[in-house]
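K.L.:
Before I ask anything, let me first share the structure, which is written out below as structure tokens.
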Amino acid sequence: MKMQSRRLAALVAVGLTATLSLTACGNKDNGDAGSGGSASGAASITFLPKNLGNPYFDTSDAGGKKAIGELGGTYAEVGPDTATPDSQVQFINTAAQQGVDALVVSANDPNAICDALNEASSAGTKIVTFDSDTDPSCRDLYVNQADAAGIAKVQVDMIADQIGDSGEVAILSAAANATNQNAWIDLMKKDLTDNHPNITLVDTVYGDDDDQTSFDKTAALLQSHPNLKGIISPTTVGIAAAARYLSTSDAKGKVALTGLGTPNQMREYVKDGTVTEFALWNPADLGYLAAYAADALVKGDITGAEGDTFTAGDLGDYTVGADSVVLLGDPFKFNADNIDDFDF
């Protein structure tokens, strides 16, 4: 969809300066409510991350705010303090009662918020998921950061390279019910089994996207598995907490750590040798794209059907794929050679 050079340009441009439809997957009938955005040309769009105070979502939602500003719409961000399965329900209900045109949600659970989302949809609110999806019947469009197989593969490739394609590894994930995390983990397990017979996955633990919990889980992994050679953490909170633990432990330089993180979180750990390489997309771009997608749905420019096209500001043109999914692009690897080129 985008050449890598264009993606890198977008990464730098968006940074921190600062996601629907008559048919979609669930074939919902959204009625007349919430049509004010379409009529006025200025949509009200509310972002609902997994939890507030999470640097990843601070960045993604800032990208959404930037896009909504460009569109002349009204931006809001609401959310729980902790990323638990049903913690987002009250915020969905409130947004629907307020008549917002679109909700952009990163789901803590694929099913727990579906009833609330369906009620909001019936009231006329367009439902966009981003970062972490619900069951497709509960939303109009999903803005995916990258193909799940690609995200899983890049993490397995990095850990395999860093430990010489042999030894024990563990996974430090976010919440046990996180849709995206579990999809990536299943694919990582398959990749390890199929392509890396000398690597053994000995444990999968959950830090609940909480810094201290993730820090403690890292310590417990090292105690439980003295022969551990690597940790994969497909969560920005988890990888930063694991790096913080490793950086002052005897395991520094002995246990490799990779996964998904942001440059600003990971810079010091790359520079001090705790982490060799990690990957991510630009979360600001993800929020930016989700906001433009939501606006296009509110205005009726797209319906969420496969083949629909729309323009997402500085990021250019996008096409809706199967199952009403829009794909941001491929993951990018960060290391000591390039990490200072990025600020998010």
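The values are calculated or read from the model by the stated rules, or taken from the named source; none is laboratory data. All values derive from a computational prediction rather than experimental measurement. For neighbour counting, all protein chains shown are included, and Cβ atoms are generated from backbone atoms with ideal geometry for every residue, glycine included. For the accessible areas, the whole protein counts, side chains as well, though only heavy atoms, and no ligand, DNA or RNA atoms are used. Shrake-Rupley method; radii C 1.70, N 1.55, O 1.52, S 1.80 Å.
K.L.:
Please tell me the relative contact order of the stretch 141-214 in percent, rounded to the nearest whole number, where contacts are Cα pairs under 8 Å and at least six residues apart. Could the numbers behind the result be given before it?
P.N.:
Working: 84 pairs, mean separation 29.2, N = 74.
Dividing the mean separation by the residue count of the stretch 141-214 yields 39 percent.
K.L.:
Compute the distance in nm between two label points, each set 7 Å from the Cα along the Cα-to-Cβ direction, one at T200 and one at D317.
P.N.:
Rounded to a tenth, the inter-label distance reads 5.3 nm.
K.L.:
Here's something else I'd like to know. Carbon and sulfur atoms: what percent of the 1.4 Å accessible area of the chain do they account for? Let's see the in-between values first.
P.N.:
Numbers: 6050 of 12950 Å².
Ligands and nucleic acids excluded, carbon and sulfur give 47 percent.
K.L.:
Here's another thing I want to ask about it. What ranking do 57-64, 70-77 get when scored by the average of other Cβ atoms within 10 Å per residue, highest first? Walk me through the numbers on the way to the answer.
P.N.:
Values: 57-64: 26.0, 70-77: 17.5.
Descending packing order for the listed peptides: 57-64, 70-77.
K.L.:
What is the sum of charges, Lys and Arg at +1 and Asp and Glu at -1, for the other residues whose Cβ falls under 11 Å from the Cβ of I92? Please list the in-between numbers first.
P.N.:
Details: positive: none; negative: D86, D115, E119.
For residues surrounding I92, the net value is -3.
K.L.:
If I histogram all Cα-Cα distances within the stretch 46-182 using bins 10 Å wide from 0, what percent of pairs lands in each bin?
P.N.:
So the P(r) values, bin by bin, are 12, 40, 30, 13, 5, 1.
K.L.:
Within the set K50/K229; K271/K333; K190/K217, which residue pairs have Cα atoms separated by over 21 Å? Mind dumping the intermediate values first?
P.N.:
Numbers: K50/K229 31 Å; K271/K333 15 Å; K190/K217 24 Å.
The pairs that break the limit, which is 21 Å between Cα atoms, are K50/K229; K190/K217.
K.L.:
Let me ask another. At 1.4 Å probe size, what's the solvent-accessible area of K66? Round to the nearest 10 Å².
P.N.:
50
K.L.:
If you don't mind, another one. If you average 1/r across every pair of different Cα atoms in the stretch 138-294 and take the reciprocal, what Kirkwood value do you get, in Å? Don't jump to the answer; show the numbers that get you there.
P.N.:
On the way: mean 1/r = 0.0636 Å⁻¹.
With all distinct Cα pairs of the stretch 138-294 included, I get 15.7 Å.
K.L.:
At 7 Å along the Cα-to-beta-carbon direction for both D340 and D250, put a label point, then send me their distance in nm to one decimal.
P.N.:
The modelled label-to-label distance comes out at 3.4 nm.
K.L.:
Which parts of the stretch 140-162 would a label at K333 reach, counting a residue when its backbone N lies under 16 Å from a point 7 Å out along Cα-to-Cβ?
P.N.:
150-162
K.L.:
Sticking with this structure for a sec: Counting alpha carbon pairs within less than 8 Å and at least 6 residues apart, what relative contact order, in whole percent, applies to the stretch 278-344?
P.N.:
Taking the mean separation of contacting Cα pairs over the length of the stretch 278-344, I get 36 percent.
K.L.:
Per residue, how much space in cubic angstrom lies within the convex hull of the C-alpha atoms of the chain? Present the calculation step by step, with values, prior to reporting the outcome.
P.N.:
On the way: hull volume 38.5 nm³, N = 344.
Cα convex hull per residue, to the nearest whole number: 112 Å³.
K.L.:
Could you grab the relative contact order for the stretch 74-218? Cα pairs under 8 Å, six or more apart, rounded to a whole percent.
P.N.:
Numbers: 225 pairs, mean separation 28.9, N = 145.
Relative contact order comes out at 20 percent.
K.L.:
Dipole of the chain, Cα-centred, from +1 at each Lys and Arg C-beta and -1 at each Asp and Glu C-beta, to the nearest 20 debye?
P.N.:
Details: 21 positive and 47 negative charges, 84 e Å.
Here the chain has a charge dipole of around 400 debye.
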